[in-house]
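Please treat every number below as a calculation from the coordinates, not as lab data. Source: prediction; values computed, not measured. Here Cβ is always computed from backbone atoms with ideal geometry, including for glycine, and neighbour counts include all displayed protein chains.
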Amino acid sequence: MAYALLSVGLLGLLVFLLGANVSRERRSVAPTQHEAEADPKSALRKAIRAHGNCIEYVPMLSLMILAIGLAIPMLISAWIIALMAAAVASRYIHAIGILVGGSVYEANLLKQIGAAGTYLTGLILSAILVVRAASLF
């Protein structure tokens, strides 16, 4: 359970750090905020997109990680811990890829690795929960 809580805590930290970054960027471009939001290469637009994308995936990943930690504690093994760590790392890598990339529309290796890791870990976590639920019927 400790690993599940740590994973969810790190995901929550990412959400709030990215949110604070959006606020910081908005303050820095206050007079021209609408222009910065429209420019796909602006730091504000990247900050908004990184936070928005994080919000799209972190809640479900967190719920699945907590569900496994609470409902299936006997499954917590080295590979499940690695899966949780990979899910967290994927979200951080993806956010960094957005923030350091040229444009929010351009693919880069960090965004691709983060997205692929998110999808893969999310699918595996989902499968674990579905299989566990099926065994309860």
Problem - Principal-axis tilt of helix 43-71 within the chain, Cα atoms, nearest 10 degrees - result: 10 degrees
Problem - Nearest 10 degrees, 0 to 90: helix 78-100 Cα axis against the chain principal axis - result: 10 degrees
Completion exercise
Checking the stretch 2-101 for trypsin sites (Lys or Arg not before Pro) in a loop per DSSP with at most 15 other beta-carbon atoms within 10 Å yields LYS41
Fill in the blank from the handout: Computed on Cα atoms, the radius of gyration and Dmax of the stretch 2-135 in angstrom are 16.6, 58
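Below 8 Å between Cα atoms, with a sequence gap of 6+, how large is the relative contact order for the chain in percent? Before the final figure, lay out the partial values.
Details: 144 pairs, mean separation 39.2, N = 137.
Across the chain, relative contact order equals 29 percent.
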Exercise for the section: Mind pulling the angle between the C-alpha long axis of helix 2-28 and the longest principal axis of the chain? Nearest 10 degrees, somewhere in 0 to 90. Expected result: 10 degrees
Handout entry: Distance in nm between pseudo-label sites at SER28 and ALA133 (7 Å out along the Cβ direction from Cα)
Key = 4.3 nm
